[in-house]
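This report refers to the structure that appears directly beneath it.
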Amino acid sequence: MTLFLRFLFLSGLGWLCDFATFALLVRGLGVAPFEANFASSYVGVTFVWFTSLKTVFRRDGTRQGLLAYWGYQFISIFAYSQLLQVVAGTLHGWVPGMEGLCAKILVTPLNLVTNFLFMKILTRSMRHRSHG
């Protein structure tokens, strides 16, 4: 549980980076929620990778690990972006002009849990961080 809470904190910071980028793309530039989520999510997940790798999972990063994480994230972000687009469409008319932002908030908890589980599994195969 402690690992998840640490990951939750850093993911929260990553989500703020993601959400700010998403809001800029959707509200400021008129990008569709699907495309905006795809771009902004990479900002957040890359932040989370670099900050949580050593502080939460106590692992040294590898190029292969990062590529595996980004590969997983490509699939995950694609799936969650589609879900976000559907949720935003469902919210149309309920929160005029805010559908994309509200949809992003609604799909984030499930995304957080699946990201944590994947990173926990992935980091098990990585070298434990030395405290030299």
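The values are calculated or read from the model by the stated rules, or taken from the named source; none is laboratory data. Bear in mind that the values here come from a model prediction, so they are computed numbers and not experimental data. Cβ coordinates were reconstructed from backbone atoms using ideal geometry, including for glycine residues, and neighbour counts include every protein chain displayed.
Taken over the range 62-81, the criterion of being within 14 Å of the chain's Cα centre (by Cα) and either over 22 Å from Ser52 (Cα atoms) or among the charged types (D, E, K, R) (or both) is satisfied by Phe78, Ala79, Ser81.
Looking at the range 57-85, which of the residues that are aliphatic (A, V, I, L, M) and in contact (Cβ under 8 Å) with a residue 12 or more places away in the chain is nearest to Leu24 (Cα to Cα)? For the range 57-85, the residue satisfying everything is Leu84.
The number of residues in the range 24-40 being in contact (Cβ under 8 Å) with a residue 60 or more places away in the chain and crowded, with 16+ Cβ neighbours inside 10 Å comes to 4. Would the range 46-56 turn up any residue that is outside any helix (DSSP H, G or I) and farther than 25 Å from Leu25 by Cα? The answer is yes; a qualifying residue exists.
Of the residues in the range 113-132, at least one is exposed (fewer than 13 other Cβ atoms within 10 Å of the Cβ), polar (S, T, N, Q) and either touching a residue at least 40 places away in the same chain (Cβ under 8 Å) or outside any helix (DSSP H, G or I) (or both). Scanning the range 41-61 for residues that are farther than 14 Å from Gly12 by Cβ, more than 11 Å from the chain's Cα centre (by Cα) and crowded, with 23+ Cβ neighbours inside 10 Å yields one hit, Leu53.
Among the residues of the range 83-93, the one identified as among the polar types (S, T, N, Q) and either buried (at least 17 other Cβ atoms within 10 Å of the Cβ) or over 26 Å from Leu106 (Cα atoms) (or both) is Gln85. Return a yes/no flag: does the range 13-26 have any residue that is at pLDDT 90 or above and in a loop (DSSP other than H, G, I, E, B). There is no residue in the range 13-26 that is at pLDDT 90 or above and in a loop (DSSP other than H, G, I, E, B). Of the residues making up the range 67-86, just one is of a type in the set (Val, Ile, Thr) and over 21 Å from Phe116 (Cβ atoms), namely Val86. Being aliphatic (A, V, I, L, M), touching a helix residue (DSSP H, G or I) at 6+ places or on another chain (Cβ under 8 Å), in a loop (DSSP other than H, G, I, E, B) and surrounded by 16 or more Cβ atoms within 10 Å (Cβ to Cβ), is that true of even one residue in the range 65-82? No: zero hits.
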